[in-house]
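Worksheet: one structure, shown below.
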Amino acid sequence: MNGKEKNNNQDKPWGGRFKESLDKRVEAFTASLPFDRRLAAEDILGSMAHGRMLVKAGIIAPPEGEMILKGLQEIREEISRGEFPYDISLEDIHMNIEKRLIDKIGPVGGKLHTARSRNDQVALDMHLYVKKELREVEKLISALQEVILELAQENLEVIIPGYTHLQRAQPVLLSHHLMAYFWMLQRDRERFLDAHKRADLMPLGAGALSGTSFPIDREEVARELGFGALYENSMDAVSDRDFVLEFLSCSCLLLMHLSRLSEELVLWSSQEFSFLELGDAFTTGSSMMPQKKNPDVPELVRAKTGRVYGNLMALLTVFKGLPLTYNKDMQEDKESLFDSVDTVKDVLTIYGQLLKSIKVSREKIATALQDDFSTATELADFLALKGVPFREAHHIVGRLVRHCLQEGKLLKDLSSGELTAFHALLGSDDALSRLSPGEAVKAKTCRGGTAPEAVRKQLQAAREALNTSFI
Ligand code: ARG
């Protein structure tokens, strides 16, 4: 500083201790304003509750409280009108709002920060924000479940090959296959809702780390802001971001599920499978190959899963080894969280539309079912039912399949003479009827099985599960 330049630190809420100006590059490097502006609504909500409590506790006078609340209300309006004068030299959203309040109502604005630190303030904002987003994500997941349920209902009669190792295994109902994703999403929804319990702890009153000597009423603030419980330890309150990490980890599982479904949509819409077609509005063309119809949306969902995993890894790594209590490292929680919130909400919103655009190619699927051995297990089951030990039955049918492969035939092409050569019981009409995919599916009547009657019960259970709200 050359003596003529003003010490810019004097304008900062914490400027009192500093003789020299903050380096401009450091100012930009340490500022969180470009991204924590997103917490403005939560910050004002928290400040209003804190201000009211200060009045009730007799820490500030009622007219002072009124001025503060009125000032905060005006700031809220300025922000929503896009007229708030954000100033990066004030580092973050908290100090921007506080400075603006003082500019508007004078030194009394400086009383709002009594019995509070930015450490418990930012923790409060993050809790409020995560609670809000958890609720929204929960709603979006159930909307997507609804779409899956409808698609499953519409395709109740459609039989597709079921796979293990991506090899044709046994025929299943398409609706059964789709419903597997419904239940994954159900668990995802439950996980987000369970995470809500930890987001529902109120940190304010922790001060910088040790609590406060002012006679505050934390219960009152918690009640006003709709929190279910309080942090019992001030040091934990300002150090904890588990609730953010939980949001990120729930997001990882959710996207992992949608990534698996995406992979199936990519496969199934390929010419090789041709089980379905994605709507034109949800696919793109190629700049060179005129015939192309590319499944960009499921591909991007698959890729964005990596990004959401990355956010969890980044934040777990930030927190590993951090000593108690607040450290500036913790400011890095925001971009990871915000990015995952945006990604998850975008994906959930577009996914329902994508699924609605699907046209199931029933004929192509029916053709696919004709040329494989996916009912071989049915023959083995038939023999086992007649008393042949299953292991033996498995061998008999295995040899039968080998015979077919050598002869270039399918099981259904075999004459009863060829069949009885392998086992006397195999020549019966009863045995042959087992070879149809429809019969194979119909036979899986156990609870959770793919028989139409079992799937109907499943759909009913799903409807009930969907109607249960948790928060
Ligand atoms: N911008 C900061 C953050 O997001 C707010 C808390 C700052 N506290 C502090 N002691 N520097 O973490």
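The values are calculated or read from the model by the stated rules, or taken from the named source; none is laboratory data. The structure presented is a predicted model; accordingly, all values stated were derived computationally and were not measured. Because the Cβ atoms are built from the backbone with ideal geometry, glycine has one as well, and the counts that use them run over all protein chains shown. Heavy atoms of the whole protein, side chains included, go into the accessibility calculation; ligands, DNA and RNA do not. Shrake-Rupley method; radii C 1.70, N 1.55, O 1.52, S 1.80 Å.
Quick rundown of the values:
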quantity: From ASP339, ASP346, ASP296, residue being of a type in the set (D, E, K, R) and closer than 30 Å to ASP236 by Cβ; calculated: ASP339
quantity: Every residue from the range 342-359 that is open to solvent by less than 40 Å² (accessible area, probe 1.4 Å) and farther than 26 Å from VAL130 by Cα; calculated: LEU354, LEU355, SER357, ILE358
quantity: Selection within the range 102-111 - free of Cβ contacts under 8 Å to residues at least 40 places away in the same chain and either touching a helix residue (DSSP H, G or I) at 6+ places or on another chain (Cβ under 7 Å) or within 14 Å of the ligand (Cβ to nearest atom) (or both); calculated: ILE102, LYS104, ILE105, GLY110
quantity: Output for the range 266-314, where each listed residue is small (Gly, Ala, Ser), surrounded by 14 or more Cβ atoms within 10 Å (Cβ to Cβ) and in contact (Cβ under 8 Å) with a residue 40 or more places away in the chain; calculated: SER274, GLY279
quantity: Number of the exception - LEU209 against (1) of a type outside the set (Phe, Trp, Tyr); (2) assigned to a helix (DSSP H, G or I); (3) surrounded by fewer than 20 Cβ atoms within 10 Å (Cβ to Cβ); (4) within 16 Å of the ligand (Cβ to nearest atom); calculated: (2)
quantity: Residue tally, condition under 14 Å from ASP194 (Cα atoms) and either away from the ligand (no atom under 16 Å from the Cβ) or open to solvent by 30 Å² or more (accessible area, probe 1.4 Å) (or both), over the range 112-131; calculated: 1
quantity: Selection from the range 167-206 of residues that are free of Cβ contacts under 8 Å to residues at least 12 places away in the same chain and either open to solvent by less than 50 Å² (accessible area, probe 1.4 Å) or touching a Leu at 6+ places or on another chain (Cβ under 7 Å) (or both); calculated: ALA180
quantity: Residue in the range 93-111 that is least open to solvent (accessible area, probe 1.4 Å), counting only those that are more than 27 Å from ASP329 (Cα to Cα) and of a type in the set (A, V, I, L, M); calculated: LEU101
quantity: Leading residue by the ranking (nearest to GLN370 (Cα to Cα)) among those in the range 435-471 that are part of a loop (DSSP other than H, G, I, E, B) and open to solvent by 80 Å² or more (accessible area, probe 1.4 Å); calculated: CYS446
quantity: Number of the exception - SER274 against (1) of a type in the set (Gly, Ala, Ser); (2) closer than 21 Å to LEU355 by Cβ; (3) not in a loop (DSSP other than H, G, I, E, B); calculated: (3)
quantity: GLU98 being touching a residue at least 40 places away in the same chain (Cβ under 8 Å) and within 23 Å of VAL221 (Cα to Cα); calculated: yes
quantity: Lone qualifier among GLY15, GLY46, GLY71 - being without any contact (Cβ under 8 Å) to a residue 40 or more places away in the chain, buried (at least 20 other Cβ atoms within 10 Å of the Cβ) and closer than 21 Å to ASP103 by Cα; calculated: GLY71
quantity: Given (1) at pLDDT below 95; (2) of a type outside the set (Gly, Ala, Ser); (3) assigned to a loop (DSSP other than H, G, I, E, B); (4) within 40 Å of the chain's Cα centre (by Cα), index of the condition GLU20 fails; calculated: (4)
quantity: Meets criteria (charged (D, E, K, R), over 18 Å from the mean Cα position of the chain (by Cα) and either open to solvent by 30 Å² or more (accessible area, probe 1.4 Å) or farther than 25 Å from PHE243 by Cα (or both)) for GLU150; calculated: yes
quantity: So GLU77, is it in a helix (DSSP H, G or I), within 16 Å of the ligand (Cβ to nearest atom) and open to solvent by 10 Å² or more (accessible area, probe 1.4 Å); calculated: no
quantity: Residue satisfying condition, being of a type in the set (A, V, I, L, M, F, W, C), assigned to a helix (DSSP H, G or I) and open to solvent by 70 Å² or more (accessible area, probe 1.4 Å), within set LEU383, LEU400, LEU405, LEU432; calculated: LEU405
quantity: Residues of the range 116-161 that turn out to be among the β-branched types (Val, Ile, Thr) and within 24 Å of ALA222 (Cα to Cα), as a count; calculated: 3
quantity: Selected residue (criterion: nearest to the ligand (Cβ to nearest atom)) from residues of the range 317-341 that are in a helix (DSSP H, G or I) and open to solvent by 80 Å² or more (accessible area, probe 1.4 Å); calculated: LYS328
quantity: Among (1) free of Cβ contacts under 8 Å to residues at least 12 places away in the same chain; (2) part of a helix (DSSP H, G or I), the one test that GLU83 misses; calculated: (2)
